[in-house]
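The values are calculated or read from the model by the stated rules, or taken from the named source; none is laboratory data. Note that the structure is predicted; figures quoted are calculated from it, not measured. Note: ideal-geometry Cβ built from the backbone for every residue, glycine included; neighbour counts use all protein chains shown. Side chains included, ligands, DNA and RNA excluded: accessible areas come from the protein's heavy atoms. Shrake-Rupley method; radii C 1.70, N 1.55, O 1.52, S 1.80 Å.
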Amino acid sequence: MFITVAVLLVAGLSLLFRQELRDLFGPLRISHMELVKSPANRLRFEIKVNTTRACRTQLKYWIKGSHDTLYSTVSAEGKIHRLFMSNTRARKHYSFCVLATNGKRRVASKIYPVETQPIYQATPYFTLAYSDPSIAGDLAHTYFLTQILTEPGSVVIIDHQGDIVWYEAFLKGVKVSHWTKDRTVLCIVGPESIPSSGGDEIVELGLDGRVLLHLKKGEGDMDKLVHHEVRKDRDGNIYAMTFTAKVADLSSVKGLRQDTVKGDGIVLFNKRGKKLWEWSALDHLDPLSNPNIMIDKKDWGHGNALFRLEDGNFLFSFRDLNQIWKVAYPSGKVLWKFGEQGDFQMDPNSMFSAQHSIHITADGHYMLLDNGDKTKISRALVFDLDTVTKEAKTLHTVTLPAEYYSTVKGNTALFGKNRVLFCLTDPRAFLITTMDGHVLWKLQVGGDPYRLEEIPGFEITKPAF
Amino acid sequence: MQLIKYNHRNFLLAIVALLASACTSGLEDETYSVYDANTLTDPNSGELAVRGTYASLKDNGGFGYYAGYLYWLNEYPGEVVSATLTSRQGVQLDQLTYDASNSTINDVWSSIYRLISRANESEALISAIDYVGNGSSAALKAQHLGEVRFLRALAYYDATSLWGGVPLLNKPSSESKEADENPAITDQATIEDFIISDLQFAEANLPESFEAAQIARATSGAAKALLGRLYLRRMEWQKAADKLQEIIGKGYDLRTRAEGGIVSLFDKSNRSDNEFIFVLKSSNESGSYTINSNSFGINSTPWDYNRGWGNFPILLNFYALFDPTDDRRKLLTGKYTTIYGQIEAVSKEYGGEATEAGKDTIIAKYVYNLKYPQAGNYDYAGFNNVPIIRYSDVLMMRAEALNELNGINQESVDLLNQVINRSGLPSYSLADFANTDALRDAIFEERNKEFFMEGRKRDDLIRWGKSASHGTDPLIKFKEKVVPTLTNASSWSDNVNYMYYPYPQSEIQSNTSLGADINKGRVK
């Protein structure tokens, strides 16, 4: 009798309070999901998730019929979650579900469909011209970040086939972009009227489209236009190249007594945009020592790349001087100059001109793109610099065929240990080559590429729990 | 007690079992909803879409569409501009030996459809945005729609000029069905109806002008002028004359001789002028080539002039057409000092100054246009915006329409005189023309001298032929002018209708609606 009553009681209770009872006392359950579509971005979708218990969630998604599964980042512990599909291709049918865990239990939602639409914003487009079978394995899960400088601008992430998988559009142009160790995109944004890849805004974006940092010239500590370079250092501080100016007496060379010389500098901001330090190259150059100063004074040196070293000092590339400088932090002292008329003994065949993209490789060597203004041949150069004996040893010279000569812009980096990635502006090409300059992979770009970066950690292919 | 205890335990187990089974198998599905933010979008998204559509005009970084390749298709086949031997695609167009795989033809097709798709997406997006409810205005929304529809009309105008019938894509991808993946060819008249409705919307909703910073955005005048151009192409003379009249005296005029005349119109210091009705915006900022400039500057002049590439050499016969007092001749390199210090000049035979070649004198083999000054050595950025429609074209189009409509008439002669007087030439009088044909020929000869390297050549030759033959032989003038410039006269074939280019190979391969014989009669 008691058993009958008890069972009836339970059945009755479960009928009356089934959901609430379970959600109150029961284990973890995903109670509601909402797919948010925004016309502002055709590839990115937000999925809002409510769970009955505090837990972490993760999105799992895949192109319908494909076995390549992708995951989102994991949401913070809580009952309300926002997840993002942020690695999708246009005009594809995707399926997705949400996974949730509170440590004890792992549950999954049903599977839902979502369709991506074509991108209407002005993004560049990319055509895979060639991909050597030998590189297929290494390219499979590789993604790249690049940008479009035109108004309206955009910053885009592409896969190895040139398909755009993530983008953000801007009314102004995106002059340069950089993938940070925090899985964010840092860029300089500005109108076309600012030359030299320059801009009046620094923007840091999450892959969910959220603006994490937004510095504007004239607001807060940003008092100068920035150009060519914006990056994060080891501590998460942000550094960029600036336009600087200095008044100088040029009357002895037919200039004004109070003439203005324009050049480049460095600015360092903390994570919240407070200026920590700045430096001007003009404090280290004597205008009267330059016989062409009346011509050069508009843009003396033309800085075009900046890289902060582990020791806190900076490398600074001057296109028109054909030199790389090492600038000490915080003293600002120029420690050495490398290149034409520099401090290092070097192989004359390795002399570079109008170079870009100075940086340090994983092995601690100095790498740059030699645009080759003097030779009309572009190449990547890797050096070992002995900064005590002031000797430069050329480790690699990766010479490109003449058709890939780029007068301006561009960058290069190692791709793996024994291949090289190039972004070449004039021929509008992205390349991966062997160390002999043999082209293994080529994307043709419709638009103006300034820089291309391989972006490790973008794709998540494994569930977190 | 034991019994109760036992039963109590059973009771607990029953609850646990019920809940446990619910979690593993009978779990209630989560509720699910889709939230579409379309109607809540910021009007700035509309502005972004509009600017993105304009950007398609300079597709393909510095060379594409209005930044270059469209002009290859419109100028190379004519009798004025030749091609350099190093440009295989250009030589094919110049010598009429192109086929469906010509990369320039493919490139322009892709650019046009890229613009059209972008315009379609933009139109749907802007339509869905609540401008008024989000702090903006209905007028701005109508303007944004007018701008994208103007640009789409321009793209379809070009597509129908180049190919006749083309696929009509007029909706965003969200509304496209599987059948739309392989669109069939829509006849030209239907496309033109669509262009007209876009332009009528644009002329009604676009402002008459923009502030200086917004130069190169479409105005109602631009929409009217393009509509006039289309009516003219359709030989709808009355409509053309009426539409063009609506622009005359409405804030546009010819750059006068007092202001420096036509030479100064194309001077690098003249970045904008109210003679330009619609242009492709270009920048002279160092390094803007491939970003926001055009390929005309670097391509127009030869190496020994200012290290240009000389890819649009102009035949000396064209130079010889000009009266020496005609200011427009100054927009050609008749005589200049080369970067090596020599004098290069056109010979007397062609109306130039040179008598014979010498140590320091070179007889020019070609002349080059100076309408697109470049920023400087090795700097490919162009100073000048690329003119797409200018006021002198409006005047001459109305003169032409009235002549076709009414025969020789004083207003047509007056309109023509406005244009040539500005370049220092004396007026024509009505008595100079025996009949409609004579005035028409004069108008086209003057158009030739007025608009060289402005992308009008091909349209003009075909329209001239249509009028001269009363529609029976549109190629009569094209053949008369072009065949003498062919290296090999047998390149011409009477079996090819040069009014239309072949559909590009890339489209034929990807669009199953286009049959194998689609290019019959379009290539040799």
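Using equal-weight Cα scatterers in the Debye expression, the normalised intensity of region A:125-454 in log10 at q = 0.07, 0.08, 0.10 Å⁻¹ is -0.27, -0.36, -0.56.
Computed from the C-beta positions of B:ALA431 and B:SER103 and an R0 of 41 Å, the FRET efficiency is 0.20 to the nearest 0.05.
Taken about its Cα centre, region B:390-524 carries a charge dipole of roughly 420 debye when the Cβ of each Lys and Arg holds +1 and the Cβ of each Asp and Glu holds -1. Expressed as a rounded percentage, what relative contact order does chain B have, with Cα pairs under 8 Å and six or more residues apart? 17 percent. Entry for region B:429-497 at q = 0.15, 0.17, 0.27 Å⁻¹: log10 I(q)/I(0) = -0.56, -0.70, -1.24, Debye formula applied to identical alpha-carbon scatterers, no solvent contribution.
The value given for region A:335-465 is a Kirkwood hydrodynamic radius of 15.5 Å, derived from the mean inverse Cα-Cα separation.
Listed by chain and number, the lysines placed with their C-alpha closer than 27 angstrom to that of A:LYS48 are A:LYS37, A:LYS60, A:LYS64, A:LYS79, A:LYS92, A:LYS104, A:LYS110, A:LYS181, A:LYS462; residues fewer than eight positions away on the same chain are left out. With K and R counted +1 and D and E -1, the other residues having a Cβ less than 15 Å from that of A:VAL165 yield a net charge of -2. Here each label is just a point 7 Å from Cα along the line to Cβ, and for B:GLU353 and A:ASP68 those points are 6.5 nm apart. With semi-axes defined as the square roots of five times the eigenvalues of the C-alpha gyration tensor, the equivalent ellipsoid of region A:219-288 measures 30, 11, 9 Å, largest first.
Normalised size of region A:271-418, defined as Cα radius of gyration per 2.2 N^0.38 Å with N residues, equals 1.06. Taking the alpha carbon gyration tensor of region A:119-204, multiplying each eigenvalue by 5 and rooting it gives semi-axes of 26, 14, 11 Å, largest first. Projecting the Cα atoms of A:LEU385, B:ILE262, B:ILE420 onto the dipole axis of the protein assembly as shown, where Lys and Arg carry +1 and Asp and Glu carry -1 at the beta carbon, places A:LEU385 farthest toward the positive end.
Pairs of Cα atoms nearer than 8 Å and 6+ residues apart set the relative contact order; for region A:125-454 it is 13 percent. The accessible-area ordering, largest first, of the residues B:LYS268, A:LYS326, B:LYS524, A:LYS333 stands as B:LYS524, A:LYS333, B:LYS268, A:LYS326, per a 1.4 angstrom probe. In angstrom, the C-alpha Rg and Dmax of region B:308-384 are 12.9, 36.
Using the structure shown, list the pairs from B:LYS243/B:LYS371; A:LYS172/A:LYS274; A:LYS175/A:LYS326; A:LYS254/B:LYS281 with a Cα-Cα distance above 26 Å, or answer none. Pairs exceeding the cut-off: B:LYS243/B:LYS371; A:LYS254/B:LYS281.
Would you report the distance distribution of C-alpha pairs in chain B as whole percents per 10 angstrom bin, up to the bin with the largest distance? Distribution as computed: 4, 17, 27, 25, 13, 5, 2, 2, 2, 2, 1, 1, 0, 0 percent. Rounded to the nearest 10 degrees, the inclination of helix A:2-25 to the longest alpha-carbon principal axis of chain A is 20 degrees.
Calculated on C-alpha atoms, the gyration radius of the protein assembly as shown divided by its Kirkwood radius gives an Rg/Rh of 1.04. For A:GLY220, the shell of other residues with beta-carbons less than 11 Å away shows a net charge of +2, using +1 for Lys and Arg and -1 for Asp and Glu.
Taking all protein chains together and rolling a 1.4 Å probe, A:ASP235 ends up with roughly 90 Å² accessible. In this structure A:SER134 has an accessible area near 70 Å², from a 1.4 Å probe over the protein heavy atoms. For chain B, the longest principal axis of the C-alpha atoms and the axis of helix B:410-422 are separated by about 90°. A:PHE243 sits with roughly 50 Å² accessible to a 1.4 Å probe, with DNA, RNA and ligands left out of the calculation.
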